[in-house]
Amino acid sequence: MTLKNSLLIGTTALALGMVSGVSKPVNGQAATFSHYIRSHVWIRTTDGTQGGYHDKTTFTNRTATVRDKYLGTQVWRFYNLRKTNSRTYYANFRTINHGKKYPVKIQLRSKNTIWLVHKHFWHLKGNYTGNSNFGAVIFKRA
């Protein structure tokens, strides 16, 4: 074996090792909301500082459809939805009308309550610090 051939084989093996070590496995499955969340109708209320909306909301795989008698139907999309445990999801939230995406945390607080908390909320310090008194959009099961 010549030096040229051994150098070529070594370089190829090194390149293949680096490519396989850097690439992430693709399983083809994107995160979706659990069957429990998708199979019920939720009523959107708000935090304690605002008046209630009482919109009927349904969640699908990565969207939420909000039906309001005054504003009509709105579709909210959750991009890069990732599930961290059985009750917590993180996503980038965007309505159809607005172009900017906002990072949100979606928490199944109990079997009848979902919280949607923005990462950076006005007048709150820290990430995802909204609660039932201020900063969280609360959904109750209908």
Within the stretch 35-141, how many Lys pairs that are eight or more residues apart, or on different chains, come under 14 Å at the alpha-carbon?
7
Grab the eigenvalues of the alpha-carbon gyration tensor for the stretch 35-141, scale each by 5, take roots, and send me the semi-axes largest first in whole angstrom.
18, 17, 15
Diffing the stretch 114-120: the Karplus 3J(HN,Hα) column from phi (6.51, -1.76, 1.60, θ = phi - 60°), in whole Hz with x for Gly and Pro, holds 10, 10, 10, 10, 6, 5, 10
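Each value in this text was obtained by applying a stated rule to the coordinates, not by laboratory testing. A quick note: this is a predicted structure, and the numbers were derived from the prediction, not measured.
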